[in-house]
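Working notes, structure below.
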Amino acid sequence: GVVLKIENEMQRLGNSVADDVVRRIEEGVLKRLDRAGMHGEVKPEHSCSIRTPEEREAVKQLLAQFRQLPSDQQKQFPALLNGLGKLQQGIGDLEGARESFVAVAENVSDKSAKAEAYYNAYRVALDKKNWGEALQSIQQAVLLAPQHFAPFPFQRYQPKRILGAGGFGAAFLCHDRNFKKEVVVKAFHATDMERS
């Protein structure tokens with residue numbers, strides 16, 4: 001499940017003016033994520049799903065408010081930055097979303113949270129059609145949490161590169177360790193499909 005939960009970070013906030021600013025940003029992000037139906041991990045249908053000019057502008061304002069926080073304070077709220085990354089994906093700022101997810105991965109120590117952030121960076125890199133970034137990100141996610149993020153059995157199929165991706169999945173060129181030859185593995189995106 002999702003580890004980077006904004007609600008958990010909100011519970012830590014006190015009553016200072018700085019905490020009030022963060023609380024308002026978090027409430028705005030949660031509201032927009034809910035409106036956009038962006039629950040859980042990043043999904044292909046999230047890209048460019050926020051279309052109204054008002055909502056797009058609201059996302060940009062929330063991001064600007066977050067970036068005005070001191071750097072050390074920003075690092076204390078990785079779930080908030082992860083949520084902002086999702087919203088960036090929603091308004092079509094894929095490079096900004098990737099940068100947000102990578103920053104989250106670099107600033108958290110919890111392996112599950114780090115894996116989730118790398119997985120989100122993988123999904124955005126697929127949307128950008130940047131296969132090299134996507135491969136690096138999914139490898140990091142699988143290294144940290146293979147049971148949750150491996151799109152196929154990495155212990156058997158060693159991914160060499162991503163050949164392409166679309167709405168249903170991604171095609172990987174892999175080395176089959178059992179048969180010692182190159183194969184193509186198609187990994188489906190649909191999270192509601194059975195794991196097998």
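Quick notes on this structure:
- Selection count, the stretch 43-53, where residues are closer than 24 Å to Pro151 by Cα and in a helix (DSSP H, G or I): 3
- Close Cβ contacts (under 8 Å, 6 or more residues apart or on different chains) running from residues in the stretch 174-196 that are over 14 Å from Phe149 (Cα atoms) to residues that are at pLDDT below 95 and open to solvent by less than 100 Å² (accessible area, probe 1.4 Å) comprise Lys186/Gly169.
- In the stretch 87-127, residue farthest from Leu143 (Cα to Cα) [restricted to those that are of a type in the set (Val, Ile, Thr) and crowded, with 22+ Cβ neighbours inside 10 Å]: Ile91
- Meets criteria (among the aliphatic types (A, V, I, L, M) and either touching a Leu at 6+ places or on another chain (Cβ under 6 Å) or modelled with pLDDT of 95 or more (or both)) for Ala18: no
- Residue in the stretch 103-110 that is under 27 Å from Ala165 (Cβ atoms), hydroxyl-bearing (Ser, Thr, Tyr) and without any contact (Cβ under 8 Å) to a residue 60 or more places away in the chain present: no
- Counted residues, the stretch 159-172 - those being exposed (fewer than 15 other Cβ atoms within 10 Å of the Cβ) and in contact (Cβ under 8 Å) with a residue 12 or more places away in the chain: 6
- Taken together, the residues in the stretch 173-193 that are open to solvent by less than 50 Å² (accessible area, probe 1.4 Å) and of a type in the set (Asp, Glu) amount to 1.
- Entry remark, the stretch 38-66: residues being open to solvent by 40 Å² or more (accessible area, probe 1.4 Å) and closer than 18 Å to Leu4 by Cα number 2 in total.
- Candidates Gly14, Gly28, Gly40, filtered to the one that is over 18 Å from the mean Cα position of the chain (by Cα) and in a loop (DSSP other than H, G, I, E, B): Gly14
- Just one of the listed residues (Leu81, Leu4) is open to solvent by less than 40 Å² (accessible area, probe 1.4 Å) and either assigned to a loop (DSSP other than H, G, I, E, B) or without any contact (Cβ under 8 Å) to a residue 12 or more places away in the chain (or both), and it is Leu4.
- Contact annotation: residue pairs with Cβ atoms under 9 Å, 6 or more positions apart or on different chains, pairing a residue in the stretch 38-49 that is at negative phi with a partner that is of a type in the set (S, T, N, Q) and modelled with pLDDT under 85, are Glu41/Thr191; Lys43/Thr191.
The values are calculated or read from the model by the stated rules, or taken from the named source; none is laboratory data. All of these numbers come straight from a predicted model, not from anything done at the bench. Glycine also receives a Cβ, built like all others from the backbone with ideal geometry; neighbour counts cover every protein chain displayed. Calculation scope for accessible area: heavy atoms of the full protein, side chains included, ligands and nucleic acids excluded. Shrake-Rupley method; radii C 1.70, N 1.55, O 1.52, S 1.80 Å.
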